[in-house]
Amino acid sequence: MNENYKAWTDILKDEFNKEYFLKITSFLNHEYSKKEIFPPKELVFNIFKKVNPNDIKVVILGQDPYHGLNQANGMSFSVNKGEKIPPSLRNIYLELYSDLKIDLPKHGDLTSWVNQGVFLLNATLTVEKGKPNSHKDIGWQIFTDKVINIISKFDFPKVFILWGNFAISKKFLIENNKNNFIISSPHPSPFSANKGFFGSHPFSKTNNFLINNGIKPIDWRIKP
C-alpha cells in the first residue's frame, strides 16, 4: 500500500467500516461490472495516494468527476494530458494568468500542484459516463464531508478554496480557527466566472497566507 494512502486509511479506518461506506463499495462493485464508471476504479482514491495528510497546504473542492471518456483522474478539476482542457479549468488558467501572470498551460493535468500539497478533492468520487452528478446520493458526501472536517482540524496552517455555491455550502465543515484560511468566490464555470470568479486572485491570496505562516508558497505553474 502506498505510504500516503496508508496514512489516510489510519485516519479514516472507522469510516471504511461504517454501513454507509460498505454500501458505497457494494454499489460500485456492481456498477463497475455493468457500466462505464469514472474515474477508473484504481484512480477513485488517487488524490489520497498522492498527498500525505501532513503535507496538505491547500484544499480545492470540486463537485464530482468529469463524466467524459478518459477525463477523470481522481483529482478535482484535473484532466489527463492529451484531453481537451474543460471550460472551467480554462477559466481557472485565465484567472491564474490575471493573478500571477503565469502563461496558459497547454494541458489540464494538475499533478504539479498536487505534488506540492494541493489536495484536489471532489465531494463525490465517482460518476456514470455521460451522467453528471449521477452518484451524488450514494453516500460519498458523508465520506468527503468527514474528510474536509478532519483536514480542518489538522494543527497547521492551510487554505480552503471554495468555488461556487456547492463548495461554499461545505464551509460549515471547516473549523473556525487561525489555521484555516477560506477563499470563496463564484464558480469558474462559463456560466458564473464573470460574476466574481475573475478578479478574485485566489492564487496570490493563498500564497500570501502560506508565506505569512512561514510555509513555502505554491508554484502554480503547470509543468509541460
Evaluated at q = 0.22 Å⁻¹: base-10 log I(q)/I(0), Debye formula over Cα of the stretch 21-113: -1.21
The correct pair for the stretch 102-224, radius of gyration to one decimal and Dmax as a whole number, both in Å and from Cα atoms, is 15.4, 44
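So how many Å³ per residue does the convex hull of the Cα atoms of the chain work out to?
Each residue corresponds to 121 Å³ of Cα convex hull volume.
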Please report, to one decimal in angstroms, the Kirkwood hydrodynamic radius of the stretch 128-183 built from all distinct Cα-Cα pairs. 12.5
Can you give me the C-alpha center-to-center distance between the stretch 1-30 and the stretch 40-111, rounded to a whole angstrom? 23
Percentage of Cα-Cα pair distances in the stretch 60-147 greater than 15 Å, rounded to whole percent? 61
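Tell me what the chain gives for mean residue ellipticity at 222 nm when only DSSP H runs of n ≥ 4 count, each as -39,500 (n - 2.57), the sum divided by the residue total, rounded to 500 deg cm²/dmol.
Here the helix-only value at 222 nm equals -11000 deg cm²/dmol.
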Compute the accessible area per residue over the stretch 98-224, keeping the other protein chains in place, probe 1.4 Å, unit Å². 48
In Å and on Cα atoms, what radius of gyration and Dmax does the stretch 170-224 show? 13.5, 38
Given the candidates Ser33, Leu96, Leu61, the one whose Cα lies deepest towards the positive end of the charge dipole of the chain, counting +1 at each Lys or Arg C-beta and -1 at each Asp or Glu C-beta, is Leu96
Cβ charges +1 (Lys, Arg) and -1 (Asp, Glu), total dipole of the stretch 1-115, debye: 220
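Leaving out ligands, DNA and RNA, and with a 1.4 Å probe, what % of the accessible surface on the stretch 3-116 is carbon or sulfur?
51
The values are calculated or read from the model by the stated rules, or taken from the named source; none is laboratory data. The structure displayed is predicted, hence computed values, not measured ones. Positions of Cβ are generated from backbone atoms using ideal geometry, with glycine treated the same way; all protein chains shown enter the neighbour counts. SASA here: full protein model, heavy atoms, side chains in, ligands and nucleic acids out. Shrake-Rupley method; radii C 1.70, N 1.55, O 1.52, S 1.80 Å.
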